[in-house]
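For reference, the structure discussed in these notes is given below.
What follows is calculated from the coordinates using simple rules that are stated; it is not laboratory data. The shown structure was predicted, so the numbers you read here are calculated from the model rather than taken from an experiment. Positions of Cβ are generated from backbone atoms using ideal geometry, with glycine treated the same way; all protein chains shown enter the neighbour counts.
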Amino acid sequence: MNNQRSRKPLRGKKQFLEELSKNLRGLSKEDKREILEDYEAHFIIGKKKKRKESEIAKALGNPKQIAKHAKLELAIEKAEKKKSIGNISRVIFASLGLGFFNLIFMIGPFFGLLGILIGLLATGFSLTISGIAIIVAGFLAPLMVEFIALGGISLPLIFLVGIGLASFGLLFLIGTFYVSKGFYKITLKYVKFNMKIIRSEEE
Amino acid sequence: MDTQFKKGVLDLCVIAILKKHDCYGYELVQKISKTIAISEGTLYPILRRLKKEGYLETYLQESNEGPSRKYYSLTKKGKEKGKKLKEDWKDFEKKVDKILK
């Protein structure tokens, strides 16, 4: 018979809290202390009610899983407060450990979209910068005839093209900015939605 | 409701219990896990979140058996949230009932 499972040593209070603490690495001291205190108090009161340590630990669930959830909650909170690529990546990586982001179906499209956004951003930038370069070239051309050749295009036309290009680039950037904001929000929403689903058999 | 259900329901359970009287964490966990099969550990993150969102507050109170305990109580915002969650739940219940009939 397979009794691999029953041979696993039972966790007591000390092992539970140690394992939890180990898996909470990276959190701020305060957050970590608060979380550990909650579970420690749970053990103390449980023992007062004549429960065995191992029984309490078992009912609490897997400390590794608990730590992952706690980390994700805090990462989401941070990402909501301050929008940054670093913060949203932390949310994604924390979710990975919990299996919220199915590797093939979610991570692929996520990075695909991220790539597109970066591409759009780069396009906006280069459009704006080329527009500005053309305007500058228009100003400098009469002064530096030997360096800048306008190819016989009249100056007003040069300025028109430059201004047009620069403003189009700026609009493009603004548009991309809004799309990115939406993408950020949807990603957080998706993770939070997953957080709301409990798997009652977590091990 | 054995494998997957929404934590929103747990939010409602916590708030409903605290509406009757303040509780310490262990007490709340026992009350809920007696009826709904969840790992007892799942409730603490919910309590922390509800507190951070301003629905609950905590205070320490002496206990005659051991160290002082952290009690949770509903804030005004929490009471309002409870009302809204309860309405949502009743509405949902009605709809499911309609289908069951």
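Annotations for the structure displayed:
- Cut-off 12 Å (backbone N to label point 7 Å along Cα→Cβ of B:Glu27), residues of the range B:66-101: B:69-74
- Peptide ranges A:114-124, A:59-69 listed from the most packed, as the mean C-beta count within 10 angstrom indicates: A:59-69, A:114-124
- Residue-averaged beta-carbon neighbours from other chains (10 angstrom radius) around A:40-46: 6
- Rounded FRET efficiency, nearest 0.05, which uses the C-beta distance separating A:Val136 from A:Ile174 and R0 of 22 Å: 0.45
- Which of A:Leu160, A:Val91, A:Phe139, positive extreme of dipole for chain A (C-beta unit charges): A:Val91
- Across peptide B:29-40, the average count of Cβ atoms from other chains found within 10 Å of a residue's Cβ is 4.
- Alpha carbon centroid spacing (whole Å) that separates the range A:113-129 from the range B:49-79: 49
- Calculated mean residue ellipticity, 222 nm, chain A: -25000 deg cm²/dmol, from DSSP H runs (n ≥ 4) at -39500 (n - 2.57) each, averaged per residue and rounded to 500.
- Within 10 Å of each Cβ in A:72-83, the average number of Cβ atoms from other chains: 1
- The protein assembly as shown: radius of gyration over Cα atoms, expressed as a fraction of 2.2 N^0.38 Å: 1.45
- Positive minus negative residues near A:Ser95 (Lys, Arg vs Asp, Glu; Cβ under 12 Å): +3
- The mean sequence distance of close C-alpha pairs (under 8 Å, at least 6 residues apart), as a share of the length of chain B, puts its relative contact order at 29 percent.
- Other-chain or far-sequence residues with amide H under 5 Å of B:Tyr24's (modelled H): B:Tyr72
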